[in-house]
Every structure is written in structure tokens, then in C-alpha cells.
Amino acid sequence: FQPNERLHMKVGLLGREIRAQRLSSQGGGVEKEFAWGLSLSGRFTTPRLGERDSLLFQLNAGDGIGRYVNDLSSVGEFDGIFNEDSGQFELYDIRAGYVSWQHWWGGSMRSNFTFGMVEVDNPEWAADDAYKSTVRASANLLWTPTPRIDLGFELLWGERENENGDKGDATQAQLAARYRF
């Protein structure tokens, strides 16, 4: 929906059943849980900052939506988990989102400044080294010298925190070249 000419938003709903097979040591059988998710995303143009500038955002929340969150899908299964002692199956409660501002420096140069976060509400019996949250920030400079070529540089930083409070961070720089056929 579009509340005004500068703001465009989308709402997404997810409902699905997650089935999980118990290990034979836990008595076997199949557990079923209803998973749900809500997503709100949009684009807000910011012409006072630059004629083509815009602010992008997305917020996600739900139970059993780990496969739809990039940080989580890249490190393992975050839809649900079995308690190894009791055999209880529980879905992960997840909140994630980002905000990104795209600024055009001139005719063919632009930058994106992005901040994102992911938060997992683990079951109380989760391991100490279980993934709890990440925060990320990135900035880039992209140049389109011709309509078919993009060249860019990006600097990224991220921090992960585990359930027990242990933290680690990483910084990454990358170059990119893209040719559109």
C-alpha cells in the first residue's frame, strides 16, 4: 500500500506447519507446531537529502521463521529445536530487521549505509553457545560508468552474541564488479 507519494509499504504474513522427527532415543514419532511470521517493509524517498535518495526498511517477527532470515539460514536450522533431555519440540521466536539509506552522489555514483539486527529468543534450556543475536553495519560506494557495468567497494562490520554473553566481531572489505548481459 502507498499512504502517500513518498512512502510505499508491503505487509507479509506467513503461516505454516513445521514437522520434526524425534530421534529413536527420544521415542521416535513426529512433532507438529504451527509457525507464523509477520513482515513489514518499505521505501521512503528522501528528496530533501537528494533527488534520488531513499530509505529502505524491513522488520520481521515470528515463531519458526529462521529459514527466512539471512543471518540464521547461513549458520544452521533456526525454525525449531528438540530438547535433548525431555524430547520437547519448540520453535524459535525471532525478530529481525534492517534500515538502509541510499544516497546518490552524482549522476553515476551512489552509496548505501545499512544497519541490521537479528534477535533469537532461545528456549531456557538452550546451550550456552547458542546464537542469541547479531548486529551489522555496512557502507559502500558504487559507480556505474556505463549502463551495463557496476563497480563497487563495501566495508562491513558485524557482531554476534551467544546465549551466555560471549561476543565476537568481524570486519570485512570487498570489491565488486558486475556486467549486465
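The values are calculated or read from the model by the stated rules, or taken from the named source; none is laboratory data. Everything numeric in this text was worked out from a predicted model, so none of it was measured. Neighbour counts are summed over all protein chains in view; Cβ atoms, including those assigned to glycine, are modelled from backbone coordinates with ideal geometry. The area values use the complete protein model at the heavy-atom level, side chains included, leaving out ligands, DNA and RNA. Shrake-Rupley method; radii C 1.70, N 1.55, O 1.52, S 1.80 Å.
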Response to the item:
By the C-alpha gyration tensor axes a ≥ b ≥ c (rounded if a/c is under 1.5, else prolate when a/b exceeds b/c, else oblate), the shape of the stretch 1-59 is prolate
Fill in: Length added when fully stretched, Leu38-Val99, from 0.36 nm per residue minus Cα-Cα
20.3 nm
Worksheet item: Relative contact order, percent, of the stretch 1-120 when contacts are C-alpha pairs under 8 Å separated by at least 6 residues?
Response: 20
Discussion item. Eigenvalues of the Cα gyration tensor times 5, then square-rooted: what semi-axes does that give for the stretch 61-148, in whole angstrom, largest first?
Written reply: 38, 11, 10
Worksheet, complete the sentence: Given a 1.4 Å probe, the accessible area of the stretch 1-118 per residue, as a whole number of Å², is 61
Worksheet item: Across the stretch 104-115, in residue order, what do the Karplus-derived ³J(HN,Hα) couplings come to in whole Hz, using 6.51 cos²θ - 1.76 cosθ + 1.60 with θ = phi - 60° and x for Gly and Pro?
Response: 9, 7, x, x, 10, 10, 8, 9, 10, 10, 10, 10
Worksheet item: What does a probe at Ala173 reach in the stretch 114-157, counting residues whose amide N is under 12 Å from the point 7 Å along Cα→Cβ?
Response: 153-156
Fill in: Rg [Å, one decimal], Dmax [Å, integer] - the chain, C-alpha atoms
20.3, 65
Worksheet item: Rounded to the nearest 500, what is the chain's calculated 222 nm mean residue ellipticity when only DSSP H runs of at least 4 contribute -39500 (n - 2.57) each, over all residues?
Response: -500 deg cm²/dmol
Item to complete: Please report, as a whole percent, how much of the solvent-accessible surface of the stretch 53-181 comes from carbon and sulfur atoms (probe radius 1.4 Å).
Response: 54
Discussion item. Check which residues have an amide H placed less than 5 Å from Gln88's amide H, if you skip close sequence neighbours.
Written reply: Asn83
Item to complete: At a Cα cut-off below 18 Å, give the aspartates and glutamates reachable from Lys32, other chains included and same-chain residues fewer than 8 away excluded.
Response: Glu17, Asp63, Glu77, Asp79, Glu84, Glu90, Asp93
Item to complete: Choose one answer from Pro47, Pro123, Pro147: the residue with the largest mean-square fluctuation in a GNM of the chain with alpha-carbon springs under 10 Å.
Response: Pro147
